[in-house]
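The values are calculated or read from the model by the stated rules, or taken from the named source; none is laboratory data. Here the structure is a predicted model, which is why all the values come from computation and not from measurement. Virtual Cβ from ideal backbone geometry, glycine too; neighbours counted across all protein chains shown. The protein model used for the area step is the full one, side chains on, heavy atoms only, and it has no ligands, DNA or RNA in it. Shrake-Rupley method; radii C 1.70, N 1.55, O 1.52, S 1.80 Å.
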Amino acid sequence: MQLRWNFKLRPSQTQVELMSDWLITLRKHRNYALREREQGYNTSNKDAESSITYGWGSFCDIETKVEYGSCCPLTCPILKHGVVPAQLGLAVKTSKKTGTQRWDSASGIQMKVTTTLRHERQNFALINSDVLQRNIARLDDAFTNFWQHQKGFPRYYRVLNSFEYKPDQVKIVDVRENYATVYLPGIGNVRMHNSRDLTQIQDVRTVTVSRKASNWYVSMLIDLPLDLPEVKPIEKSKSVVGIDVGINKLVALSDGSFVENIHPATNSKTVRRLAMRQRAASRKQNGSQNKRKAYDRIGKMQHKISQQREGYLWQAASLVVKTADVIAREDLNIRNMVKRAKPKHDSNGGYLKNGAAAKAGLNKQILDASWGTLFGMIAWIAAKVGKPVIAVNPKHSSQECPQCHHIDKSNRDGEKFLCVECGYTEHADTKASRTIVKRVGLIFPKKIKKILPRDSRKVTPVKLSAPECVESRNHAYEMSNIQLTLFDVSEYSLSDSRISKRYGRKS
C-alpha cells in the first residue's frame with residue numbers, strides 16, 4: 001500500500017540558502033518554458049490531436065531526409081506547442097524500435113535544452129538533473145489538466161515553494177528515537193522530525209520538498225507492507241451516525257452532540273491582526289528588507305492558521321468516525337456554494353443591490369470551515385478501520401419536518417426549527433443530521449429499556465412540592481420530551497434543599 005507521509009525538516013543555514021536558490025532558478029526555468037509553449041499555443045494550431053502542418057513550406061536535411069523548422073518564416077512548422085530550439089538537432093527524436101525520426105514533444109525538447117543549460121550556467125549546474133526534469137514534467141501535468149480535464153491555462157509563478165525528486169532518489173540514512181536523517185541529492189543529509197515508524201518503509205517513491213513560511217517540509221510517497229481492511233457491509237452494521245456541517249456549529253451529530261467551530265481565520269482577533277500586518281507590509285518601500293520581513297511575518301501567521309485548522313479537523317473527523325459503524329454525510333457541491341453573487345442590472349445601465357457583501361462574508365466562513373477537507377479526512381479514517389461512509393442528498397434536509405414531513409423555508413430560523421404545520425420543535429442542525437440518517441435507509445431494533453424497582457438506590461424520589469413547569473433532573477426524557485444537559489444545571493430548579501454543584505449533587 002502506498003501512503004504519503006509528511007515530516008518537518010531541520011536543515012542547516014547553508015542548506016536553507018541552497019534550497020532557496022534552487023527555488024528561484026526553478027521558478028525562472030518553469031516560467032521560461034511556459035512562455036515558450038504559450039507562444040506556440042497563441043500563434044499555431046491549438047488542437048492537440050491534429051498532425052503537424054507547415055505554414056508555407058518545409059526544410060529538408062539532405063543527409064537524413066528529416067524536415068526541420070527553419071528561421072525563415074516561409075519554412076516554419078506549425079506545432080501544438082510551438083517549441084523550436086536554436087539547435088534544431090535537439091528537436092528530433094529517433095525511435096529505438098523502427099529507427100524512424102520525428103519531431104519530439106515539447107517536454108522532450110525542453111528537457112534536452114535544460115541539459116545543455118547545466119553545462120553553460122552555474123545556477124543550473126548546482127541543481128540536481130532529476131529535479132530540473134521533474135520541473136518540466138510538472139508543467140506537462142498542468143497542460144494535461146488544461147487539454148483533457150478542462151482546467152485553467154497554466155499560470156506564471158511569482159513565487160515557487162516546492163520541488164520534486166524522482167522515485168528511488170531520496171534515501172533515509174539514519175533513524176533515531178525522535179529524529180531521522182534523510183539524504184536529498186544535491187543538498188546532502190538533512191535532519192527531520194520523526195513521528196512514525198520508519199522501519200516499515202519498503203521503498204521511497206517520489207519526494208516533494210516544500211517551503212511554508214520559514215519552515216521546510218518533506219513529503220514522501222512510500223510503500224508499506226499493509227493493506228486497508230475490507231469495508232464492513234452496511235447490512236451488518238449495528239449503528240449509524242449522521243453529520244450536518246455548518247458555520248455556527250462545525251458538525252452536528254445525530255446523537256445530539258456538536259463539534260464547535262473555532263473559526264481559525266475568520267475570528268475577530270485574527271482578522272484584525274492580519275489586516276494590520278497586511279497594511280503595515282503594503283506601506284513598506286518596494287524591494288526593501290523591511291518589506292520582505294513584513295511579508296514573512298504574514299506568511300508565518302497564515303501558516304499557523306492553516307496548521308491550527310488542519311489539526312482541529314483531524315480531531316473532529318476522528319470523533320465522528322468513532323461514534324458509529326456507518327457514517328452518513330451530506331453530498332454537498334461546495335464549489336457552487338462559494339460562488340459570488342450574480343449582478344443585477346437595472347434599466348438605466350446600473351446595478352441593483354444583490355447582497356454581494358453578505359455573500360462574500362458567507363463564502364469566507366465556508367472556506368474557513370473547510371468542509372471538503374473534513375469529508376476527506378472522515379473518509380480516510382473510516383477506510384483505515386473498515387467503516388462505510390455514505391453521501392446522502394441534502395436537499396431540504398434542514399426544512400423538512402420529521403414528524404409531518406412538511407417542507408417549508410420558514411420552518412427554520414437560525415438554529416431553531418419550528419414546523420409551521422404541526423408545531424414540532426428541535427435544534428435545526430440536530431434535526432438535519434437525523435434526517436440524513438433516515439435517508440440512509442437503515443432500520444435498527446428498538447432498545448429494550450430496563451425499569452428499575454421503586455426501592456432501588458439508583459432512583460431518587462420526586463417531591464410533590466416542586467413547582468409546576470419545573471422539571472426535576474431525574475425525569476425520563478421520553479416522559480418530559482426535554483433533553484437535560486449533563487453539566488450545566490443552573491437553569492433547572494431543585495426539588496429539595498441539597499447543594500448543587502457543577503458536576504452533580506452532594507448531600
Task: Failed condition for Ala106, given (1) open to solvent by less than 80 Å² (accessible area, probe 1.4 Å); (2) in contact with a strand residue (DSSP E or B) (Cβ under 7 Å, 6 or more places away or on another chain); (3) closer than 30 Å to Gln150 by Cβ; (4) at pLDDT 75 or above - done: (2)
Open item on the list: Just to be sure I understand, how many residues within region 1-24 are assigned to a helix (DSSP H, G or I) and among the charged types (D, E, K, R)?
Closed with: 2
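Residue under question is Val209, and the condition is that it be closer than 28 Å to Gln302 by Cα and outside any helix (DSSP H, G or I); does it hold? Reasoning before the result, please.
Numbers: closer than 28 Å to Gln302 by Cα: yes; outside any helix (DSSP H, G or I): yes.
So Val209 fits the description; yes.
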TODO: Considering (1) open to solvent by 20 Å² or more (accessible area, probe 1.4 Å); (2) under 19 Å from Val251 (Cβ atoms), say which one Ser306 fails and leave the rest.
DONE: (2)
Task: Hits in region 176-204 - residues which are within 19 Å of Leu132 (Cα to Cα) and open to solvent by 70 Å² or more (accessible area, probe 1.4 Å) - done: Tyr183
Open item on the list: Tell me yes or no: at least one residue of region 403-419 is in a helix (DSSP H, G or I), at pLDDT below 95 and either open to solvent by less than 40 Å² (accessible area, probe 1.4 Å) or of a type in the set (Ser, Thr, Tyr) (or both).
Closed with: yes
TODO: Six or more apart or on different chains, Cβ under 8 Å: which pairs go from a residue in region 240-258 that's touching a residue at least 60 places away in the same chain (Cβ under 8 Å) and basic (Lys, Arg) to one that's surrounded by fewer than 15 Cβ atoms within 10 Å (Cβ to Cβ) and not in a strand (DSSP E or B)? Could you list them?
DONE: Lys249/Glu415
Open item on the list: Could you check region 134-146 and list, in sequence order, the residues that are farther than 22 Å from Thr115 by Cα and surrounded by fewer than 14 Cβ atoms within 10 Å (Cβ to Cβ)?
Closed with: Thr144
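Consider Ala294 carefully, then state whether it is out of contact with any Gly (no Cβ under 9 Å at 6 or more places or on another chain) and among the aliphatic types (A, V, I, L, M). Please lay out each step first, then the result.
Details: out of contact with any Gly (no Cβ under 9 Å at 6 or more places or on another chain): yes; among the aliphatic types (A, V, I, L, M): yes.
Spelling it out, Ala294 is indeed out of contact with any Gly (no Cβ under 9 Å at 6 or more places or on another chain) and among the aliphatic types (A, V, I, L, M).
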TODO: Please verify whether region 312-335 includes one or more residues that are in contact with a helix residue (DSSP H, G or I) (Cβ under 9 Å, 6 or more places away or on another chain), closer than 22 Å to Lys212 by Cα and not in a loop (DSSP other than H, G, I, E, B).
DONE: yes
Open item on the list: If Gly349 meets every condition in (1) of a type outside the set (A, V, I, L, M); (2) open to solvent by less than 50 Å² (accessible area, probe 1.4 Å); (3) at positive phi apart from one, which number is that one?
Closed with: (2)
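Okay, residues lined up against (1) assigned to a helix (DSSP H, G or I); (2) farther than 21 Å from Ile334 by Cα; (3) among the acidic types (Asp, Glu):
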| site | (1), (2), (3) |
| --- | --- |
| Leu367 | yes, no, no |
| Phe375 | yes, no, no |
| Trp380 | yes, no, no |
| Lys384 | yes, yes, no |
| Lys395 | no, no, no |
| Gly423 | no, yes, no |
| Ile436 | yes, no, no |
| Leu442 | no, yes, no |
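If I filter region 208-221 for residues that are modelled with pLDDT of 90 or more, of a type in the set (Phe, Trp, Tyr), crowded, with 16+ Cβ neighbours inside 10 Å and closer than 30 Å to Glu330 by Cα, do I get at least one hit?
Here is the first cut: in region 208-221, the residues modelled with pLDDT of 90 or more are 208-212, 215-221.
From what's left, of a type in the set (Phe, Trp, Tyr): 216-217.
With the extra rule that they be crowded, with 16+ Cβ neighbours inside 10 Å, the set shrinks to 216-217.
This time we only want the ones that are closer than 30 Å to Glu330 by Cα, so: none.
The answer is no, given that none of the residues of region 208-221 is modelled with pLDDT of 90 or more, of a type in the set (Phe, Trp, Tyr), crowded, with 16+ Cβ neighbours inside 10 Å and closer than 30 Å to Glu330 by Cα.
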